[in-house]
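A quick write-up on the structure given underneath.
The values are calculated or read from the model by the stated rules, or taken from the named source; none is laboratory data. Here the structure is a predicted model, which means the values were calculated and not measured. Note that we place each Cβ from the backbone using ideal geometry, even for glycine, and neighbour counts take in every protein chain shown.
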Amino acid sequence: MVNIILFGPPGSGKGTQSANLINKYGLIHLSTGDLLRSEIEAKTPLGLEAKKFMDQGQLVPDEVVIGMISSKLDANPDARGFIFDGFPRTTAQAEALDKLLALKKTAIAAVLSLEVPEDELIKRLLNRGLTSGRSDDANEDVVKARIVEYHNKTAPVADHYAKYGKFKKIRGSGSIEEIFGLLSKEIDELVS
Ligand code: B4P
């Protein structure tokens, strides 16, 4: 089983690259952002609660996202591995994920972190906001709040995995194909 975390700030391309990587490697894509947006669309109690945080550019409480990931892991007992996209976003989430995987006698193989300059992140997100209908991409204040949340709460997750020698920075600016090539090179070594 090969489990990879695609890491990086909002707009760094985690979702974009995951979509291509799952096809190439036959892994299961677990995006907490996508899971939360489905709950919002279905107007479930979880979705209505999550929306309050997402609309402000804040992270959704840990117990909500950890619960979602735990059910998805249980629902896919025969998976060849997972690509975690947008999860873990706090150290508490990282610790919970490590425990959930240990129960399944597996672990994170690598954390690949997409590095993109901040001005480019803002440009990409506002640009997506023109067409996506995503409330959290819609205005510059919310986009900037998401980047602040990333620095305060998510960046420490890098240290958590660096301690185990699992953390690797990957250039995240350039064409989508170019970055896909850089990520594939890393994953090829893990699956060979
Ligand atoms: P996410 O859905 O995870 O979204 P993201 O961080 O904005 O985007 P990503 O990095 O995947 O960027 P993408 O490929 O789409 O999170 C949304 C919100 O959900 C969070 O703010 C939070 O509130 C909540 N949430 C999610 N997970 C959570 C958790 N674990 N705990 C708590 N809360 C959680 O790319 C962005 C844009 O850039 C796209 O338009 C794309 O086309 C473009 N792009 C991509 N690569 C490019 C490239 N190489 N060149 C030019 N443009 C590119």
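Among the listed residues A110, A138, identify the single one that is without any contact (Cβ under 8 Å) to a residue 24 or more places away in the chain, surrounded by 15 or more Cβ atoms within 10 Å (Cβ to Cβ) and small (G, A, S). Lay out the reasoning, then the answer.
Details: A110 fails: without any contact (Cβ under 8 Å) to a residue 24 or more places away in the chain.
Just one listed residue meets the conditions, A138.
So which residues in the stretch 67-95 are among the hydrophobic types (A, V, I, L, M, F, W, C), farther than 26 Å from I170 by Cα and in contact (Cβ under 8 Å) with a residue 12 or more places away in the chain, if there are any at all?
Restricting attention to the stretch 67-95, the residues satisfying the condition of being among the hydrophobic types (A, V, I, L, M, F, W, C) are 68-69, 73, 75, 79, 82-84, 87, 92, 94.
Remaining after also requiring farther than 26 Å from I170 by Cα: 68, 73, 75.
Answer for the stretch 67-95, where residues must be among the hydrophobic types (A, V, I, L, M, F, W, C), farther than 26 Å from I170 by Cα and in contact (Cβ under 8 Å) with a residue 12 or more places away in the chain: M68, L73.
(1) more than 8 Å from the ligand (Cβ to nearest atom); (2) on the phi > 0 side of the Ramachandran plot; (3) under 12 Å from the mean Cα position of the chain (by Cα): which one isn't true of F82, the others all being true?
The single condition F82 does not satisfy is (2).
Among the candidates R80, R124, single out the residue that is at pLDDT below 95 and either under 18 Å from A155 (Cα atoms) or among the charged types (D, E, K, R) (or both). Walk me through how you get there before you give the answer.
Working: R124 fails: at pLDDT below 95.
The conditions single out R80.
Considering only residues that are out of contact with any strand residue (DSSP E or B) (no Cβ under 6 Å at 6 or more places or on another chain) and of a type in the set (D, E, K, R), look in the stretch 61-79 and name the one that is farthest from the ligand (Cβ to nearest atom).
First pass over the stretch 61-79, keeping only residues out of contact with any strand residue (DSSP E or B) (no Cβ under 6 Å at 6 or more places or on another chain): 61-71, 73-75, 77-78.
In the following step, the residues that additionally are of a type in the set (D, E, K, R) were identified as 62-63, 74, 78.
On the way: D62: 7, E63: 10, D74: 18, D78: 24 Å.
Of everything passing the filter in the stretch 61-79, D78 is farthest from the ligand (Cβ to nearest atom).
Please specify each residue of the stretch 14-31 satisfying the condition of being of a type in the set (S, T, Y), within 12 Å of the ligand (Cβ to nearest atom) and in a helix (DSSP H, G or I).
Let us first name the residues in the stretch 14-31 that are of a type in the set (S, T, Y), namely 16, 18, 25, 31.
Cutting the leftovers down to within 12 Å of the ligand (Cβ to nearest atom) gives us 16, 18, 31.
Result: T16, S18.
If you go through the stretch 53-67 one residue at a time, do you hit one that is over 27 Å from K24 (Cβ atoms), charged (D, E, K, R) and outside any helix (DSSP H, G or I)?
Quick first cut of the stretch 53-67, residues over 27 Å from K24 (Cβ atoms) only: 53-64, 66-67.
When the remaining residues are screened for being charged (D, E, K, R), the result is 55, 62-63.
Narrowing the set further to residues that are outside any helix (DSSP H, G or I) leaves 55.
Among the residues of the stretch 53-67, at least one is over 27 Å from K24 (Cβ atoms), charged (D, E, K, R) and outside any helix (DSSP H, G or I), which makes the answer yes.
Those residues that are near the ligand (Cβ under 10 Å from one of its atoms), outside any loop (DSSP other than H, G, I, E, B) and under 24 Å from K169 (Cβ atoms), I need them from the stretch 96-126; list them, please.
Keep residues of the stretch 96-126 that are near the ligand (Cβ under 10 Å from one of its atoms), which gives 97, 114, 116, 120-121, 123-126.
If we keep only those that are outside any loop (DSSP other than H, G, I, E, B) too, we end up with 97, 114, 120-121, 123-126.
Across the stretch 96-126, the qualifying residues are L97, L114, E120, L121, K123, R124, L125.
Filter the stretch 32-49 down to the residues that are among the small types (G, A, S) and within 16 Å of the chain's Cα centre (by Cα), then identify the one that is farthest from the ligand (Cβ to nearest atom). I'd like the intermediate steps shown before the answer.
If we filter the stretch 32-49 for residues that are among the small types (G, A, S), which is where we start, we get 33, 38, 42, 47.
Narrowing further to those that are within 16 Å of the chain's Cα centre (by Cα): 33, 38.
On the way: G33: 2, S38: 11 Å.
The qualifying residue farthest from the ligand (Cβ to nearest atom) is S38.
Restricted to the stretch 127-173, and to residues that are more than 22 Å from I5 (Cα to Cα) and in contact with a helix residue (DSSP H, G or I) (Cβ under 6 Å, 6 or more places away or on another chain), which residue is modelled with the lowest pLDDT? Before you say what the answer is, go through the steps one by one.
Our first condition is that a residue be more than 22 Å from I5 (Cα to Cα); within the stretch 127-173, this holds for 127-145.
Add one more test, that the residue is in contact with a helix residue (DSSP H, G or I) (Cβ under 6 Å, 6 or more places away or on another chain), and what stays is 128-129, 136-138, 142-143.
Numbers: R128: 94, G129: 93, D136: 90, D137: 92, A138: 81, V142: 94, V143: 96.
Only one residue tops the list, namely A138.
Would you check which residues across the stretch 1-30 are hydroxyl-bearing (S, T, Y) and free of Cβ contacts under 8 Å to residues at least 40 places away in the same chain and list them? Talk me through it step by step, then tell me what you get.
Filtering the stretch 1-30 for residues hydroxyl-bearing (S, T, Y) gives 12, 16, 18, 25.
Result: no residue meets the conditions.
Does R89 satisfy the criteria of being under 22 Å from S12 (Cβ atoms) and not in a helix (DSSP H, G or I)? Reasoning before the result, please.
Values: under 22 Å from S12 (Cβ atoms): yes; not in a helix (DSSP H, G or I): yes.
It is true that R89 is under 22 Å from S12 (Cβ atoms) and not in a helix (DSSP H, G or I).
Please find, among K24, K99, K72, K14, the residue that is among the basic types (K, R) and touching an Asp or Glu at 6+ places or on another chain (Cβ under 8 Å).
Of K24, K99, K72, K14, the one residue that is among the basic types (K, R) and touching an Asp or Glu at 6+ places or on another chain (Cβ under 8 Å) is K14.
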